[in-house]
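Asker: What follows is a structure written as structure tokens; I'll ask about it next.
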Amino acid sequence: QVQLVESGGGLVQPGGSLRLSCAASGIIFSIYAMGWYRQTPGKQRALVATITSGGSTNYADSVKGRFTITRDNSKKTVYLQMNSLKPEDTAVYYCNANQHGMHFWGKGTLVTVSS
């Protein structure tokens, strides 16, 4: 059974930082592309960042230079370091595992950026 469990969300002030983690089980983690997506009420889930099995990364324009995605294959965990957070970063953040179009999703973790 595949499980992706996100953690690290919470309330942070504008300009602050958070690090999200996603621990995977039930998959051969090292061969999966991993990603973070986010969703706000009434909007579609949107890509934030992805990292391939080889370590290549891709970011949404809105987070470039502020967010960093990394992975630790030995821990089967993917991270999202979020710096210089803005109120518009407020969303539920979801972890995604993808291999050849087969997608798995976590249940999400809420990030709220507010003073």
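The values are calculated or read from the model by the stated rules, or taken from the named source; none is laboratory data. If you're wondering where the values come from, they're calculated on a predicted model, not measured in any experiment. No Cβ is skipped: glycine too gets one built from the backbone with ideal geometry, and neighbour counts run over all protein chains shown. Just the protein is used for accessible areas: all its heavy atoms, side chains included, with ligands, DNA and RNA removed. Shrake-Rupley method; radii C 1.70, N 1.55, O 1.52, S 1.80 Å.
Asker: Just the residues that are over 10 Å from the mean Cα position of the chain (by Cα), crowded, with 17+ Cβ neighbours inside 10 Å and not aliphatic (A, V, I, L, M), please, taken from region 22-47.
Answerer: 29, 32, listed by residue number.
Asker: Does region 48-62 contain at least one residue that is open to solvent by less than 50 Å² (accessible area, probe 1.4 Å) and in a loop (DSSP other than H, G, I, E, B)?
Answerer: Yes - at least one qualifying residue is present in region 48-62.
Asker: Residue check: is residue 79 open to solvent by less than 60 Å² (accessible area, probe 1.4 Å), in contact (Cβ under 8 Å) with a residue 40 or more places away in the chain, assigned to a strand (DSSP E or B) and out of contact with any Gly (no Cβ under 8 Å at 6 or more places or on another chain)?
Answerer: On the way: open to solvent by less than 60 Å² (accessible area, probe 1.4 Å): yes; in contact (Cβ under 8 Å) with a residue 40 or more places away in the chain: yes; assigned to a strand (DSSP E or B): yes; out of contact with any Gly (no Cβ under 8 Å at 6 or more places or on another chain): yes.
Considered against the rule, which asks whether it is open to solvent by less than 60 Å² (accessible area, probe 1.4 Å), in contact (Cβ under 8 Å) with a residue 40 or more places away in the chain, assigned to a strand (DSSP E or B) and out of contact with any Gly (no Cβ under 8 Å at 6 or more places or on another chain), residue 79 comes out as yes.
Asker: Restricting to region 83-93, and then to whatever is assigned to a strand (DSSP E or B) and out of contact with any Asp or Glu (no Cβ under 7 Å at 6 or more places or on another chain), can you tell me which residue is nearest to residue 1 (Cα to Cα)? Write out each step before concluding.
Answerer: Filtering region 83-93 down to residues assigned to a strand (DSSP E or B) leaves 91-93.
From the residues that got through so far, the ones that are out of contact with any Asp or Glu (no Cβ under 7 Å at 6 or more places or on another chain) too are 91-92.
Numbers: 91: 27, 92: 23 Å.
Ranking the candidates gives 92 first.
Asker: Suppose the filter is in contact (Cβ under 8 Å) with a residue 40 or more places away in the chain, closer than 17 Å to residue 109 by Cβ and open to solvent by 60 Å² or more (accessible area, probe 1.4 Å); does residue 19 pass it?
Answerer: Judged against the criteria, residue 19 is a match.
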